[in-house]
């Protein structure tokens, strides 16, 4: 069992939409302040995507989001069913589970398989992006992506609804990621585990994946679990898509693309100011994973990494430096770079299939069949 820094108010195994209401679950970390937060005399100290932090510590969030939230569907729609499960009621930490419909399954609640078919699916734990400040696991763009990945990969995808800054500064999001790992391990051993996972999930074939700030979360959670006993769960690989890192000194790509259409350096700095511990600089290890205060990767037994980055991303040089630091430490790292894309970097699912298949091939024996086939990526 992993020790977890965020266990107060834990409520495993209950659907979030049955206990909180799915909209409220999706709004975790987004509590609206009292009206006096908008007083003209209150000084604004930070603003990102409509999220405003005032000097008095109060936060105002927009009531209308660029991307709507999507409710879970307990029945299969286009081959994927979803449900929300609360991990920590008090802190509004939750997950959305995406279950693809194998031909052997009659319904999400059914445990009846076709004769002779006992295959289980890999599990992909996903952390959404949003600069630690916006979005949730219910946001439409991430709900759509996770649905696609579940169907294309033939894997159970679990998207984590972690706490947001500035109400909950780092390491809150890292703690919530660690909590999700802790919960997933409990599902592997509990007699009252969620049936979607216990009946259809292969806990020996787990992966972590993060997009942008979610990539930072996945990396920091990977560092934490290196010293934890996860058995029978096994993390086979970590996938970072355009990970959101920073540092005090600008790198070349950050200078030449400071006014990028998708991610400006001003917005990047604001996001870190809103999310880092008070008084911390951008060389804090939470922001700069290879900075002067960051841990030595040689001390960590990390699983294989896959980084997917864009050649036109302002953070390109910082991400490449991260890759080189991992390689110099003797870590297993694959890099997929799409030269014509920036911080938003779409990629084919074959990239994930190839990487996951390679990681899973390490556990193949005469009586074990890998559920994800290996294919060649087209880059």
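Listing for the model above:
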quantity: Order of 307, 60, 335 under a 10 Å beta carbon neighbour criterion, fewest first; calculated: 335, 60, 307
quantity: Average projection area in nm² (convex hull over Cα atoms of segment 161-200, one quarter of hull surface); calculated: 3.1
quantity: Added length on full extension, which subtracts the Cα-Cα distance from 0.36 nm per residue, residue 258 to residue 332; calculated: 23.5 nm
quantity: Kirkwood Rh and Cα Rg combined as Rg/Rh, segment 248-336; calculated: 0.98
quantity: Relative contact order (%) - criterion: Cα under 8 Å, at least six apart; region: segment 254-311; calculated: 15
quantity: Relative contact order of segment 16-363, pairs being alpha-carbon contacts under 8 Å that are 6 or more residues apart, as %; calculated: 14
quantity: Contact order relative to length of segment 294-359, as percent, for alpha carbon pairs under 8 angstrom and 6 or more apart; calculated: 41
quantity: Neighbour-count ranking [beta-carbon atoms within 10 angstrom, fewest first] of 136, 268; calculated: 268, 136
quantity: Label-point separation in nm, residue 234 to residue 324, each point 7 Å along Cα→Cβ; calculated: 3.4
quantity: Intensity falloff of segment 16-363 expressed as log10 I(q)/I(0), Debye formula with alpha-carbon point scatterers, at q = 0.07, 0.09, 0.14 Å⁻¹; calculated: -0.28, -0.47, -1.17
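Every number in this text was worked out from the coordinates using simple rules, so none of it is lab data. The shown structure was predicted, so the numbers you read here are calculated from the model rather than taken from an experiment. Neighbour counts are summed over all protein chains in view; Cβ atoms, including those assigned to glycine, are modelled from backbone coordinates with ideal geometry.
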